[in-house]
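J.: Quick one: the structure is below, and I'll ask about it shortly.
Only the coordinates and a few stated rules stand behind these numbers; no lab work does. What you are looking at is a predicted structure, and each value in this text was computed from that prediction instead of being measured. Don't worry about glycine lacking a Cβ; one is built from the backbone with ideal geometry, like all the others, and counts go over all protein chains shown.
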Amino acid sequence: MVEPPEYSDELYALQVSRLREQLVRITRGSDYYRRLFESQSLEPGEIRSLADYATWPILNDKTRDRENEVDSAMAEGHPFGTHLTVDPEEVVGIGTSSGTTGTPTFSHLYTSADLGLNEAIWARSLAWMGVPKGAVVINAFGLSMWAVGSIAVSALMNIGMRTAAVGAEGGPKRLLTVANAVHPYLLMCTPSMALRLIELYPKELGTGVSSLGVRAVYLSGEAGGASEQVRAHLAAEFATEAIFDGMVGGFGVAKVSCNGAGHWGLHHLTEDYFLHELYGPDEERGMELVDGAIGRVVYTSLLHQARPAIKYMTGDLARVERTPCPGCGLTFNRFSILGRTDDMLIIRGVNLFPEAIQDIVQQFVPLLTGQMKLIVAQGDSVLNEVPILEIESNASPESEEVRAACTEIETRVRDTLRVRVMTRPVPGGTLASEGRKGRLVERVGNRRVEESRR
Ligand SMILES: [Zn+2]
């Protein structure tokens with residue numbers, strides 16, 4: 001089978017056999033899963049097809065993770081959750097979720113074998129992006145614990161990449177200094193960090209960022225990597241068409257876009273490592289992945305051992321496309337993330353994903369930085385007030401052109417999303433998440449909302 005494998009009967013058979021082996025393994029090795037399966041009358045040994053498995057309900061999510069971690073800390077003396085399926089001593093890589101939705105959970109745990117799998121998915125992803133072995137790679141994501149941080153760095157080093165783990169923690173100026181010294185083939189960072197670099201480079205070094213000679217950019221952690229304006233701007237400034245958006249790391253997941261300004265979803269590059277299912281809003285069974293289907297994202301790790309994702313709801317809402325990709329012509333399942341289900345707001349009866357507003361804001365890059373934040377009152381997801389939309393600009397927030405852009409954004413939001421927002425421009429750098437995953441909604445006290453309104 002070539003890597004990454006496109007759809008075939010051979011791949012399907014491999015998925016089913018790996019799935020059954022994984023479910024049987026965790027039933028034998030984990031009291032937690034044995035009891036869970038028994039209590040819901042789920043029979044791992046009877047899985048004969050992915051359609052059989054689609055009848056199973058969602059079993060895990062972040063809330064369940066937290067509960068299991070509290071339980072294991074009390075009862076078993078380790079924080080990795082009662083759904084850990086190996087001995088705690090076998091966990092040699094410890095990573096957490098990014099923590100954007102509250103306390104981080106120990107979502108990314110690795111045995112030695114799991115670290116090997118992680119190397120394989122990075123090797124495959126870099127090959128997809130055309131990055132040759134031995135290339136200089138800068139990892140400018142937040143390094144602390146997150147799956148794309150220190151764990152990714154060790155994977156990159158072990159597969160022979162010359163890896164500069166600059167991280168986001170030192171800020172964009174430090175990144176610029178190191179990048180200018182090593183001239184990376186591949187730059188890995190959030191879209192907001194890449195955009196900051198474009199602004200900063202001429203100020204610090206007197207030339208455009210294209211003189212870095214970056215051949216490819218890998219974006220993750222924020223929605224901006226899917227915006228055509230952002231991609232086109234990055235391609236022009238870095239002088240490369242190889243702009244990739246993706247989600248790689250943890251659970252065996254590797255989903256990466258093809259290159260160019262267009263964005264036709266994230267290609268599922270590791271169908272042989274993890275199952276990607278969609279569940280309807282109130283459905284307790286997986287949907288058939290027909291072209292255009294939209295649902296809640298549910299992962300199952302086929303090979304990961306330590307704490308595999310098993311019917312794990314990630315909190316994302318996504319659409320699948322199965323036709324040959326308009327960008328590259330290949331027939332992988334392609335997934336477009338539409339938003340986070342826990343960020344969804346209901347504004348005067350209209351459902352709104354903040355990512356949809358960000359799509360509109362990012363049409364104004366580079367006048368605006370593309371960063372935005374919706375300010376809503378604490379705990380409110382159902383709003384009757386018009387929410388404040390803070391927007392970062394590269395030009396002065398008081399300038400004529402920024403004001404005009406704000407007015408135009410309000411109009412486009414109203415016309416396309418059927419909600420009203422009140423824009424408030426703020427200077428560049430105010431909302432930047434400094435390379436970590438940023439949130440698009442900030443829930444603040446009522447007083448802060450009132451202050452913003454003035
Ligand atoms: Zn493609």
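J.: With a 10 Å radius around each residue's Cβ, average the other Cβ atoms per peptide and rank 168-177, 252-261, highest first.
T.: Working: 168-177: 18.2, 252-261: 23.1.
For the peptides 168-177, 252-261, the packing ranking is 252-261, 168-177.
J.: Along each of its three principal axes, how wide is the spread of alpha-carbon positions in segment 244-328, in whole angstrom units, largest first?
T.: Over segment 244-328, Cα extents along the principal axes are 36, 29, 19 Å.
J.: Ratio to report: Rg/Rh of segment 90-243, with Cα atoms as the point set and Rh obtained by the Kirkwood method; give two decimals.
T.: 0.97
J.: Continuing with the same structure: How would Thr323, Thr341 line up from fewest to most surrounding beta-carbon atoms within 10 angstrom? Kindly include the intermediate steps, with their values, before the conclusion.
T.: Values: Thr323 10, Thr341 16.
Ascending number of Cβ neighbours within 10 Å: Thr323, Thr341.
J.: Continuing with this model, one more query. Which FRET efficiency value, to the nearest 0.05, is calculated for Leu205 and Ala404 with the Förster distance at 22 angstrom and r the Cβ-Cβ distance? Don't skip to the answer; put the middle values down first.
T.: Working: r = 31 Å, r/R0 = 1.42.
In this case the efficiency is close to 0.10.
J.: Provide the percentage of antiparallel DSSP beta bridges, counting only those with both residues in the chain; round to the nearest 5.
T.: Values: 36 of 62 bridges.
Roughly 60 percent of the DSSP beta bridges within the chain come out antiparallel.
J.: Over segment 151-208, what lengths in whole Å, largest first, do the semi-axes of the equivalent ellipsoid take, defined as the square roots of 5 times the eigenvalues of the alpha-carbon gyration tensor?
T.: 22, 12, 9
J.: Oh, and also: Based on alpha-carbon positions alone, could you give the equivalent ellipsoid semi-axes of segment 223-276 from the gyration tensor, as √(5λ), descending, whole Å?
T.: 24, 9, 9
J.: In cubic angstrom, how much convex hull volume per residue do the alpha carbon atoms of segment 115-164 span?
T.: Considering the Cα atoms of segment 115-164, their hull volume per residue is 64 Å³.
J.: Over segment 1-92, calculate the relative contact order: mean separation of alpha carbon pairs under 8 Å at least 6 apart, over the residue count, as a percent.
T.: 23 percent.
J.: Kirkwood hydrodynamic radius (Cα pairs, Å) of segment 186-315?
T.: 16.4
J.: Could you compute the FRET efficiency for Ala75 and Val24, with r as their C-beta to C-beta distance and R0 at 22 Å, rounded to 0.05?
T.: The computed FRET efficiency comes out at 0.30.
J.: On to the next question. Sort Val361, Val290, Val209, Val402 so that the residue with the fewest other Cβ atoms within 10 Å of its own Cβ comes first and the one with the most comes last.
T.: The order, fewest Cβ neighbours first, is Val290, Val402, Val209, Val361.
J.: Name the GluC sites (Glu not before Pro) in segment 284-324 that are in a loop by DSSP and that have at most 16 other C-beta atoms within 10 Å, would you?
T.: Passing both the DSSP loop test and the Cβ count: Glu284, Glu288.
J.: Sorting Asp291, Asp52, Asp272 on the 10 Å Cβ count, fewest up front, what's the list?
T.: Exposure proxy ranking, most exposed first: Asp291, Asp52, Asp272.
J.: Taking each pair of different alpha-carbon atoms in segment 1-136 once, compute 1/r for the pair, average those values, and report the inverse of that mean as the Kirkwood hydrodynamic radius in Å to one decimal.
T.: Result for segment 1-136, one decimal place: 17.4 Å.
J.: Give, in nm to one decimal, the length gained when the segment between Leu330 and Ala127 is fully stretched (0.36 nm per residue of separation minus the Cα-Cα distance).
T.: Working: separation 203, 0.36 × 203 = 73.08 nm, distance 1.52 nm.
Between Leu330 and Ala127, full extension yields an extra 71.6 nm.
J.: On to the next question. FRET efficiency for Glu284 and Met422, Cβ-Cβ distance as r, R0 = 41 Å, nearest 0.05?
T.: 0.55
J.: Lys203: which lysines have alpha carbons under 18 Å from its alpha carbon, excluding same-chain residues fewer than 8 sequence positions away?
T.: The reachable lysines, counting only those whose Cα sits under 18 Å from Lys203, are Lys173.
J.: Let me ask something additional. So what's the gap between the Cα centers of segment 155-173 and segment 20-55, to the nearest angstrom?
T.: Here the two parts' Cα centres lie 39 Å apart.
J.: When the helices in the chain are scored as -39500 (n - 2.57) per DSSP H run of 4 or longer and the sum is shared across all residues, what 222 nm value do you end up with, to the nearest 500 deg cm²/dmol?
T.: Per the formula, -10000 deg cm²/dmol.
J.: Identify all lysines with a Cα-Cα distance to Lys373 below 18 Å; exclude those on the same chain that are fewer than 8 residues away in sequence.
T.: Lys437
J.: Same structure again: For segment 30-87, state which trypsin sites (Lys or Arg not before Pro) are in a DSSP loop and have at most 10 other beta carbons lying within 10 Å of their beta carbon.
T.: Here the trypsin sites (Lys or Arg not before Pro) that fit, given the DSSP loop and packing criteria, are Arg48.
J.: Now for a different question. Excluding same-chain residues fewer than 8 positions from Lys133, which aspartates and glutamates have a Cα within less than 18 Å of its Cα?
T.: Glu3, Glu119
J.: Mind listing P(r) for the chain? All alpha-carbon pairs, 20 Å bins, whole percents.
T.: 24, 57, 19, 0
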